[in-house]
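The values are calculated or read from the model by the stated rules, or taken from the named source; none is laboratory data. Please read these numbers as outputs of a predicted model, since none were measured by experiment. Here the Cβ is made from the backbone with ideal geometry for all residues, glycine too, and neighbour counts use every protein chain on show.
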């Protein structure tokens, strides 16, 4: 057990003893028995069962750096759950604070320039080095290699003017995007290697806009496999690294009918096709959606649309559990967003929450929250859920079905590797047009975990050769799914 583990255990005992008013004093009174079992044992079992219920929380504990009661941005280091960074950019001067012990102690804070153009100062922490942290403001990206003590501006020419709206780390890249209501900003990236190098100040930004020159980004959502964004004209879109283009995912969104912008978005850290996002339109109407197929279909969530939601996170140990923060404090859902329950116990008054972040230690998920009450945390015991996973590869992805195999034609081969905690897993493999029309079902069967493949010869269900163009192959295996593109060229 590490010192960090000991810290978490001690804090858990303290929280549980406070939240449940447990009495740990030694008593000489004989124990009471229920059916031959000590009442203390019965109560202990009931207590531990309560802790394992998804969504059960202890009270929130405030850990404001130096008593600051208005915090706006938050990040936890992926490589160390005890390293926390928080920003107060509504004070003078604006400062970023760092803690290496889960918020128990903080550095004195480092001031940085803040203007009214900085809609939302963003923080990202390096995925493997907790001391490397990035701040995005309207005018630049800044980097610290020493846990926030000193800062360097990154990038020779900053590609975004006022304001820079969003930032994430994806595929070993820093990705930034923006929109100001007038100019089209688009998205750009810099490799992490360049961003942390001695020459970071003169490193170049690379456009992610291809020929799509009217991109206006509000939010990014990324995990190890996928990068999604809300672009105000396309709606929910996904970045294709092979073509360097953004693909519109939700065909029903039409900005000419009802323009919406994304206020909060989160991607399932395990299943890349699962997302939740909260939107507002030009009439201040609010929309809450979840999708399990990358936005092709969107399920409306209505229970939280009566107030603004500013932030959403998944429980990383069980992603059917969600947490949302906004104008009415913090809420949790244990059914993927269908229903929500307030979890504001411990706050003096209902806070406005601007950011949530999670950290994992064993079977405990710590949730950090920042807002107009400052910074607070709570610990939640969660049973880890094992998920189905699928990895997909395609061979001969550009082919002419009128030519024989070996001459650039014939067929494309789809290879899928299945992993599941269960003994069997059901698989569907289908080919669609870009507009979503089913072309051909290649597989619909149940398998044991392992590697399998199917061929597509460029023909539809009727046996006719399809037209030249781009087609989507969708592989769904249990709870997991993947999309890949193939091209028919005759």
Quiz prompt | Residue list for region 282-291, filter: surrounded by 13 or more Cβ atoms within 10 Å (Cβ to Cβ) and free of Cβ contacts under 8 Å to residues at least 24 places away in the same chain | solution = 286, 289
Self-check item: Matching entry among 208, 165 (being surrounded by 14 or more Cβ atoms within 10 Å (Cβ to Cβ), at pLDDT below 85, closer than 18 Å to residue 134 by Cβ and not assigned by TED's automatic domain parsing to the domain that holds residue 480)
Solution: 165
Quiz item: Can you spot a residue in region 220-232 that is modelled with pLDDT under 85, under 20 Å from residue 289 (Cβ atoms) and within 19 Å of the chain's Cα centre (by Cα)?
Solution: yes
Quiz prompt | Residue satisfying condition, being crowded, with 23+ Cβ neighbours inside 10 Å, modelled with pLDDT of 90 or more and under 19 Å from residue 485 (Cα atoms), within set 275, 236 | solution = 236
Quiz item: Has region 238-247 got any residue that is without any contact (Cβ under 8 Å) to a residue 24 or more places away in the chain and touching a strand residue (DSSP E or B) at 6+ places or on another chain (Cβ under 9 Å)?
Solution: yes
Exercise. Count, please, the residues in region 381-425 that happen to be closer than 30 Å to residue 315 by Cα, modelled with pLDDT of 85 or more and in a loop (DSSP other than H, G, I, E, B).
Key: 1
Exercise. Return the only residue of 430, 440 being free of Cβ contacts under 8 Å to residues at least 24 places away in the same chain and surrounded by 16 or more Cβ atoms within 10 Å (Cβ to Cβ).
Key: 440
Quiz item: In region 168-187, what residues are modelled with pLDDT of 80 or more and more than 19 Å from the chain's Cα centre (by Cα)?
Solution: 186
Quiz item: Can you find a residue in region 246-255 that is closer than 24 Å to residue 340 by Cα and modelled with pLDDT of 90 or more?
Solution: no
Quiz item: How many residues does region 329-355 hold that are part of a loop (DSSP other than H, G, I, E, B) and closer than 18 Å to residue 71 by Cβ?
Solution: 8
Quiz prompt | Unique match (being more than 27 Å from residue 233 (Cα to Cα), surrounded by fewer than 20 Cβ atoms within 10 Å (Cβ to Cβ) and touching a helix residue (DSSP H, G or I) at 6+ places or on another chain (Cβ under 7 Å)) among 360, 364 | solution = 364
